[in-house]
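*Asks:* Mind looking over this structure? Questions follow.
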Amino acid sequence: MAEEALIVVDMQRDFMPGGALPVPEGDKIIHRCNEYIRKFKEKGALIVATRDWHPPNHVSFKDQGGPWPPHCVQGTEGAEFVVELPEDALIISKATEPDKEAYSGFEGTELAKILKENGVKRVYVCGVATEYCVKATALDAVKHGFDVYLLRDAVKGIKPEDEEKAIEDMKKAGIKILESL
Ligand code: VGL
Ligand code: ZN
């Protein structure tokens, strides 16, 4: 059992500078995510890492009419994690079906069920991108009844102004913004 979970969202090579869908300065939060992973692991929290895990013909890709360049294709280097995860971390793969987009780690996965089975009450969120998968995951965590905290110094957005708006939206939904922890 663990009352707390840390959800590390999509810290994958393709979202870092030089990757297929880079989050500017996404690499600057790698060490912060690693620190939180260590800290939360030490205090017995459940460590969850979500990953974007698309088939090569995913609907979100431009050649399929979607908004994004191909990224995080299942089994490729670009889909690899850039953070250090403990052996017992829970890996949640999302947006794995060709015709379904999923920004949230709760969408089409067992995440809510697993957190509840483990007795989790409080969920802390870090990772990328703030205005897409981080926001969607944090909002879904609220919907599932968890107390949700955003680790502000360990998230990064694609566009600063969109990131600020996303943080306002999260605040309005009852998510607590922690500047650092
Ligand atoms: C993401 C765009 C497309 C994210 C994933 O992880 O925020 N953004 N796929
Ligand atoms: Zn994606």
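The values are calculated or read from the model by the stated rules, or taken from the named source; none is laboratory data. From a predicted model like this one, the values you see are computed outputs, not experimental measurements. Positions of Cβ are generated from backbone atoms using ideal geometry, with glycine treated the same way; all protein chains shown enter the neighbour counts. When the accessible area is computed, the model is the full protein with side chains, heavy atoms only, and any ligands, DNA or RNA have been set aside. Shrake-Rupley method; radii C 1.70, N 1.55, O 1.52, S 1.80 Å.
*Asks:* Give the carbon-plus-sulfur fraction of the accessible surface of region 64-181 in %, rounded to a whole number; probe 1.4 Å, heavy atoms of protein chains only.
*Replies:* Roughly 49 percent, rounded to a whole number.
*Asks:* Taking Rh as the Kirkwood radius computed over C-alpha pairs, what is the Stokes-Einstein D of region 82-181 at 25 °C in a medium of viscosity 0.890 mPa s, expressed in µm² per second?
*Replies:* This corresponds to a translational diffusion coefficient of 174 µm²/s.
*Asks:* Under 12 Å from the Cβ of Gly145, count the other residues' Cβ atoms, weight Lys and Arg +1, Asp and Glu -1, and hand me the total.
*Replies:* +2
*Asks:* Express in % the proportion of alpha carbon pairs of the chain at distances exceeding 21 Å.
*Replies:* 43
*Asks:* Could you do me a favour and compute the accessible area per residue for the chain, 1.4 Å probe, result in Å²?
*Replies:* 47
*Asks:* If each DSSP helix of 4+ residues adds -39,500 (n - 2.57) and the sum is divided by the residues in the chain, what number results at 222 nm, nearest 500 deg cm²/dmol?
*Replies:* -7000 deg cm²/dmol
*Asks:* Let me ask you something else. Would you mind getting me the FRET efficiency between Phe81 and Lys172? Use the beta-carbon distance for r and R0 = 30 Å, nearest 0.05. Write down the numbers at each step before the final one.
*Replies:* On the way: r = 31 Å, r/R0 = 1.03.
The pair Phe81/Lys172 has a calculated efficiency of 0.45.
*Asks:* Quick one: which residues, 5+ away or cross-chain, put their amide H under 5 Å from the amide H of Gly127? H built at 1.01 Å from N.
*Replies:* Val9, Val155, Lys156
*Asks:* Excluding same-chain residues fewer than 8 positions from Lys159, which aspartates and glutamates have a Cα within less than 18 Å of its Cα?
*Replies:* Cα-Cα hits under 18 Å: Asp10, Asp14, Glu25, Asp27, Glu131, Glu168, Asp169.
*Asks:* Treating only the Cα positions of region 1-99 as identical point scatterers, give the base-10 log of I(q)/I(0) from the Debye formula at each q in 0.14, 0.23, 0.25 Å⁻¹.
*Replies:* Relative scattering, expressed as log10 I(q)/I(0), comes to -0.55, -1.14, -1.25.
*Asks:* Once the dipole of region 33-181 is set up with Lys and Arg at +1 and Asp and Glu at -1 on Cβ about the Cα centre, which of Ala45, Asn57, Val134 lies farthest towards its positive end?
*Replies:* Looking along the dipole axis, the top candidate is Ala45.
*Asks:* Which percent of the Cα-Cα distances in region 93-136 go past 17 Å? Please report the intermediate quantities before stating the final value.
*Replies:* On the way: 377 of 946 pairs.
Every Cα pair in region 93-136 considered, those over 17 Å come to 40 percent.
*Asks:* Please report, in whole Å³, the volume per residue of the convex hull around the C-alpha atoms of region 119-172. Write out the running numbers ahead of the final one.
*Replies:* Values: hull volume 3.6 nm³, N = 54.
Hull volume normalised by residue count: 66 Å³.
*Asks:* Next question, about the same structure. Counting alpha carbon pairs within less than 8 Å and at least 6 residues apart, what relative contact order, in whole percent, applies to the chain? Each step should come with its number before you reach the end.
*Replies:* Values: 400 pairs, mean separation 46.0, N = 181.
Here the relative contact order equals 25 percent.
*Asks:* Further question: Around Glu80, with a cut-off of 15 angstrom between Cβ atoms, what is the net charge of the other residues, counting Lys and Arg +1 and Asp and Glu -1? Please report the intermediate quantities before stating the final value.
*Replies:* Values: positive: Arg13, Arg51; negative: Asp10, Asp14, Asp27, Asp52, Glu77, Glu84.
That sum, taken over residues with Cβ under 15 Å, equals -4.
*Asks:* Taking just the alpha carbons, could you work out the radius of gyration and Dmax for region 54-141, both in angstroms?
*Replies:* 13.9, 42
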